[in-house]
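Colleague: Okay, here's the structure, questions in a sec.
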Amino acid sequence: MKTLYFKKASMLAVAGLLATTAFAQNTTTVDGTTILGPSTEYRTWSIGINAGVLNQSNIFGFNRDGFDKLKHNVGYSAYIKKQISPSFGLKAQYLGGKVAGVNENATGTMVSEFETKLPWSVALSGEFTAANTNWRFFNSIIKPYMAVGLGAMNFETTTTTADGTAATAESQTKLYVPVDAGFKFAVAKGINIDLGYQLNWANQDFDGKAGGQYKNDLFSYAHAGLEIALGDGSKPYLGNSNPVATIKANYDELKAERDALMAANEQLKSEISTINNDLKDDDGDGVANKFDKCPNTPAGTKVDGSGCPLPEMKNETKVVEKIVVTEEDKKVVDEAIKNLEFDLGKATIRPTSYASLNRVAALLIEKNFSLKLAGHTDNTGSMQTNLRLSKERAESVKAYLVSKGANASRIEATGYGPNQPIATNATAEGRQQNRRVEFTLY
């Protein structure tokens, strides 16, 4: 009955753990890490607890030394592990419980049954993990592993011979070699279910049958338990990381960034093309196509600010052979620049600017000056919008001056947008200075 109980308990435990794994979340465990990043990006310490079945026999059928009848006993284990890399770690393991075996063929004084108690055993093992079974997943959901180590085991053996004589040997502490293999299932960030099978090679005295068939006694430990990562919960566990998947994720991010930059570049090309089309002047009359209400005017035709021919003037202004810009002339222009105001975000000149612009127009007519108008903005808004607004404001000033009689062919209107600041755009005062139209007489 006892044997049957342990068999059922073991099967239920394994079934429960597999069911838990089946419903576990596929939680990414390498978020926030970088390609070939340092171990400080991860949690590297973990603890494990498990329980299972200790048995003198093993599923492979070797090294039984006559104790072929299975006797199942509860075993328990705990360990602490330092993960050195995603595929290798060092763990210190404690194992306890008891092991028993029966030799049904023993006769006379031969040992027919033994029971060995394990108050404690400690071993240091190297554990090798086969990382992830699918490199497309960040989370190493299924990780086969194998561990081998060396430890010290304290045990006390009681033997019974075939004729019924029982004897208990003194407690001993001997070296033993544990070899463990199994699978770990990542069910959450830093939490693994551990299913394994451990073979332990012990001293010959372990089963109380000195000078047996084999050089060392062997017992097995089939176990199931949990491994829990220690440390900052926001960091992934190194033992669950998948370097190949991390590299692929970083590649995908770089590719997405490159595609976004290429799309932005194409958008910028389109905006520049639109601006260039807006600034074209196909008939060469000094008025951009966008503002030219009379396209295709003959070459040399004097036009107003809207690109339409001016009526012939009966009294032509005398041509001044030598043009000299005096300080008084500069003052007139400076005053016009100082007083020039537009409606917010528009090219509409405010009436308060008309008086000073009228004096500039009179100056152009009187002295036949040429004038360059350069529109500028701050860096607020898109490049396309600022280039258009600066050009429209310069054209608006030109149109006003032409409406007051100035020669349109002697006025050049250009927009530079935010490309020629005279102050910093980091302050409101600086941005105010950069929003301007410059007048240059020549």
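Colleague: When you go through (1) surrounded by fewer than 16 Cβ atoms within 10 Å (Cβ to Cβ); (2) among the small types (G, A, S); (3) touching a residue at least 24 places away in the same chain (Cβ under 8 Å) one by one for G182, which number turns out not to apply?
Modeller: All conditions pass for G182, except number (1).
Colleague: Suppose we keep only residues that are closer than 17 Å to C308 by Cβ and among the β-branched types (V, I, T) within segment 384-442. Which one would you say is surrounded by the fewest Cβ atoms within 10 Å (Cβ to Cβ)?
Modeller: Top of the filtered list is I411.
Colleague: Now a separate question. Among all residue pairs at least 6 apart or on different chains, which show Cβ distances below 8 Å where the first residue, located in segment 222-238, is of a type in the set (S, T, Y) and the second is assigned to a strand (DSSP E or B)?
Modeller: Y237/R43; Y237/S46; Y237/Q83; Y237/A229
Colleague: Are there any pairs, at least 6 apart or on different chains, whose C-beta atoms fall under 6 Å, with the first in segment 63-83 and assigned by TED's automatic domain parsing to the domain that holds G231 and closer than 15 Å to G97 by Cβ and the second aromatic (F, W, Y) and buried (at least 20 other Cβ atoms within 10 Å of the Cβ), and if so, which?
Modeller: G75/Y221
Colleague: Follow-up question, since we're still on this one. Scanning segment 79-99 for residues that are under 16 Å from A147 (Cβ atoms), part of a strand (DSSP E or B) and small (G, A, S), which turns out modelled with the lowest pLDDT? Can you show your working first?
Modeller: Of all residues in segment 79-99, those under 16 Å from A147 (Cβ atoms) come to 79-95.
If we keep only those that are part of a strand (DSSP E or B) as well, we get 79-85, 88-95.
Now drop any that are not small (G, A, S), which leaves 85, 89, 92.
Numbers: S85: 86, G89: 95, A92: 98.
The qualifying residue modelled with the lowest pLDDT is S85.
Colleague: Only one of these is over 25 Å from M153 (Cβ atoms), within 41 Å of the chain's Cα centre (by Cα) and at pLDDT 85 or above: Y42, Y76. Name it.
Modeller: The match here is Y42.
Colleague: Sort out which residues of segment 221-234 are surrounded by fewer than 20 Cβ atoms within 10 Å (Cβ to Cβ) and either outside the structural domain of L118 (by TED's automatic domain parsing) or in contact with a Phe, Trp or Tyr (Cβ under 8 Å, 6 or more places away or on another chain) (or both), and write them in order of number.
Modeller: L230, G231, listed by residue number.
Colleague: Got at least one residue in segment 407-416 being of a type outside the set (F, W, Y), without any contact (Cβ under 8 Å) to a residue 60 or more places away in the chain and more than 30 Å from T301 (Cβ to Cβ)?
Modeller: No - not one qualifying residue is present in segment 407-416.
Colleague: What do you reckon, is V14 at pLDDT below 80 and surrounded by fewer than 17 Cβ atoms within 10 Å (Cβ to Cβ)?
Modeller: In short, yes.
Colleague: Considering only residues of segment 262-281 that are free of Cβ contacts under 8 Å to residues at least 40 places away in the same chain and not in a helix (DSSP H, G or I), which is surrounded by the fewest Cβ atoms within 10 Å (Cβ to Cβ)?
Modeller: This residue is K280.
Colleague: If you don't mind, another one. Within segment 144-188, track down each residue that is small (G, A, S) and under 42 Å from the mean Cα position of the chain (by Cα). Give the derivation first.
Modeller: If we filter segment 144-188 for residues that are small (G, A, S), which is where we start, we get 147, 149, 151-152, 162, 164, 166-167, 169, 171, 181-182, 186, 188.
Within segment 144-188, A147, G149, A181, G182, A186, A188 qualify.
Colleague: While we're here: Among the residues of segment 336-379, which ones are among the β-branched types (V, I, T) and either closer than 23 Å to R431 by Cα or in contact with a His (Cβ under 9 Å, 6 or more places away or on another chain) (or both)?
Modeller: I337, T348, I349, T352, T377
Colleague: Here's another thing I want to ask about it. Determine whether G52 is surrounded by 21 or more Cβ atoms within 10 Å (Cβ to Cβ) and more than 35 Å from the chain's Cα centre (by Cα).
Modeller: Judged against the criteria, G52 is a match.
Colleague: Among the residues of segment 100-116, what is the count of those that are assigned to a loop (DSSP other than H, G, I, E, B) and buried (at least 21 other Cβ atoms within 10 Å of the Cβ)?
Modeller: Within segment 100-116, residues that are assigned to a loop (DSSP other than H, G, I, E, B) and buried (at least 21 other Cβ atoms within 10 Å of the Cβ) number 1.
Colleague: Sort out which residues of segment 118-150 are surrounded by 20 or more Cβ atoms within 10 Å (Cβ to Cβ) and either part of a strand (DSSP E or B) or modelled with pLDDT of 95 or more (or both), and write them in order of number.
Modeller: Listed by number, the residues that qualify are L118, S121, A123, S125, E127, T129, K143, Y145, A147.
Colleague: Now, a different point. Taking T385 as the residue in question, decide whether it is in a loop (DSSP other than H, G, I, E, B), without any contact (Cβ under 8 Å) to a residue 40 or more places away in the chain and assigned by TED's automatic domain parsing to the domain that holds A299.
Modeller: Taking the combined requirement at face value, the residue does not satisfy it.
The values are calculated or read from the model by the stated rules, or taken from the named source; none is laboratory data. Fair warning: this is a prediction, and the values are worked out from it, not measured in the lab. Reconstructed Cβ throughout: ideal geometry from the backbone, glycine too, with neighbour counts over all protein chains shown.
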